[in-house]
1. Answer with yes or no whether Glu2 is over 24 Å from Leu112 (Cβ atoms), at pLDDT 90 or above and open to solvent by 40 Å² or more (accessible area, probe 1.4 Å).
2. Name the pairs whose Cβ atoms lie under 9 Å apart, with the first residue in the stretch 76-102 and outside any helix (DSSP H, G or I), the second among the polar types (S, T, N, Q), and 6 or more positions between them or separate chains?
3. Testing Glu18 on (1) surrounded by 13 or more Cβ atoms within 10 Å (Cβ to Cβ); (2) closer than 18 Å to Phe87 by Cα, one condition comes back false. Which one is that?
4. Mind checking which residues of the stretch 71-119 are farther than 30 Å from Ile182 by Cβ, of a type in the set (Val, Ile, Thr) and in contact with a helix residue (DSSP H, G or I) (Cβ under 7 Å, 6 or more places away or on another chain)?
5. Among the residues of the stretch 170-179, is any within 24 Å of Thr79 (Cα to Cα), modelled with pLDDT of 90 or more, part of a loop (DSSP other than H, G, I, E, B) and of a type in the set (A, V, I, L, M, F, W, C)?
6. Just checking, which of Ser158, Ser151 is open to solvent by less than 60 Å² (accessible area, probe 1.4 Å), touching a helix residue (DSSP H, G or I) at 6+ places or on another chain (Cβ under 9 Å), touching a residue at least 40 places away in the same chain (Cβ under 8 Å) and at positive phi?
7. Only residues that are among the aliphatic types (A, V, I, L, M) and either touching a Pro at 6+ places or on another chain (Cβ under 9 Å) or open to solvent by less than 80 Å² (accessible area, probe 1.4 Å) (or both): list them for the stretch 93-126, please.
8. If I filter the stretch 30-64 down to residues being touching a helix residue (DSSP H, G or I) at 6+ places or on another chain (Cβ under 9 Å) and open to solvent by 70 Å² or more (accessible area, probe 1.4 Å), which single residue comes out as modelled with the lowest pLDDT?
Amino acid sequence: MEHWTLVFSHPGRAVRDEVENGTLTSCTPKEARERLGSIVGIPVAKPDAEALDQLAKMRNALQHYGLVGPAANAQAIETLTAKVLGFLILFLDDHVLGRLTEDEQDEVEHELVRIRSGLRDIRAYAVERLRALGPKLGPLRSRTLECPECSQWAYVPSPTPVPDNRSPDRVYYVTTCYFCEIQHVESETAAFKYLVNHPVYEYRNAVGETVYPSRPFVCPQCATSSLAPRARLATDPDAEVDLCFRCAAPVSVPS
């Protein structure tokens with residue numbers, strides 16, 4: 001609505017025919033948010049931006065690898081989608097619907113009735129499940145993080161080693177999301193999943209590409225690559241701590 005060229009990856013090279021026949025190379029979700037803020041004057045709040053980024057990554061995994069592995073977790077997909085749908089519905093109400101024609105508004109509102117109904121069901125399920133998990137998660141809040149798969153505050157590393165039945169000399173340190181029930185049996189894997197799914201860790205390399213750390217940092221206490229700096233815990237989601245998934249606790253990192 002601001003200008004048709006803004007949906008292109010490179011607006012200066014936009015071609016009108018590519019919009020009409022659907023062959024354009026579009027901007028990324030992150031670029032769209034940046035343009036909304038800097039050009040259109042509609043900023044996107046940080047929690048909404050993080051949910052959009054996570055859903056975009058999950059969508060890419062589904063598209064390229066299919067419904068396998070973590071991507072097959074319906075609970076994670078539904079709860080994350082509910083967050084994004086909530087944002088998009090408000091965005092439509094506040095910024096889009098009033099600029100459509102009457103016929104377009106009628107068509108959109110018909111679809112939104114169905115979408116809002118489904119969103120209420122998903123949110124009600126999430127609230128009820130979190131309420132049921134309250135007694136279990138309550139004592140674990142000091143080491144509970146936001147799950148990189150479903151975005152619920154239910155991702156908990158355990159400090160208790162679990163023996164490997166196939167190899168008596170080996171033990172695991174399991175991280176579990178009590179909401180979507182995904183588990184990572186290696187602390188290094190759990191830390192890596194947390195790093196690559198949270199926009200706080202992204203940065204731009206020398207050529208301007210958005211990248212993430214290739215592996216977690218080394219913990220000064222247990223000497224494993226299980227440290228997630230600037231992690232946020234359920235006890236104080238606004239504070240950042242250096243958390244080790246093997247130690248299952250914040251650690252002091254020398255400056």
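1. Answer is no for this residue.
2. Once the first residue is outside any helix (DSSP H, G or I) and sits in the stretch 76-102, no partner that is among the polar types (S, T, N, Q) comes close enough.
3. Failing condition for Glu18: (2).
4. Val108 - this is the single residue of the stretch 71-119 that is farther than 30 Å from Ile182 by Cβ, of a type in the set (Val, Ile, Thr) and in contact with a helix residue (DSSP H, G or I) (Cβ under 7 Å, 6 or more places away or on another chain).
5. Checking the stretch 170-179: at least one residue is within 24 Å of Thr79 (Cα to Cα), modelled with pLDDT of 90 or more, part of a loop (DSSP other than H, G, I, E, B) and of a type in the set (A, V, I, L, M, F, W, C).
6. Ser151
7. Kept after step one, since they are among the aliphatic types (A, V, I, L, M), are these residues of the stretch 93-126: 96-97, 100, 108, 112-113, 115, 119, 122, 124, 126.
Once the filter is applied, which keeps residues that are among the aliphatic types (A, V, I, L, M) and either touching a Pro at 6+ places or on another chain (Cβ under 9 Å) or open to solvent by less than 80 Å² (accessible area, probe 1.4 Å) (or both), the stretch 93-126 yields Val96, Leu97, Leu100, Val108, Leu112, Ile115, Leu119, Ile122, Ala124, Ala126.
8. Pro47
The values are calculated or read from the model by the stated rules, or taken from the named source; none is laboratory data. Everything numeric here is computed off the predicted structure, so don't read it as measured data. We place every Cβ from the backbone using ideal geometry, glycine too, and count neighbours over all the protein chains shown. Surface accessibility is based on the protein's heavy atoms, side chains included, excluding ligands, DNA and RNA. Shrake-Rupley method; radii C 1.70, N 1.55, O 1.52, S 1.80 Å.
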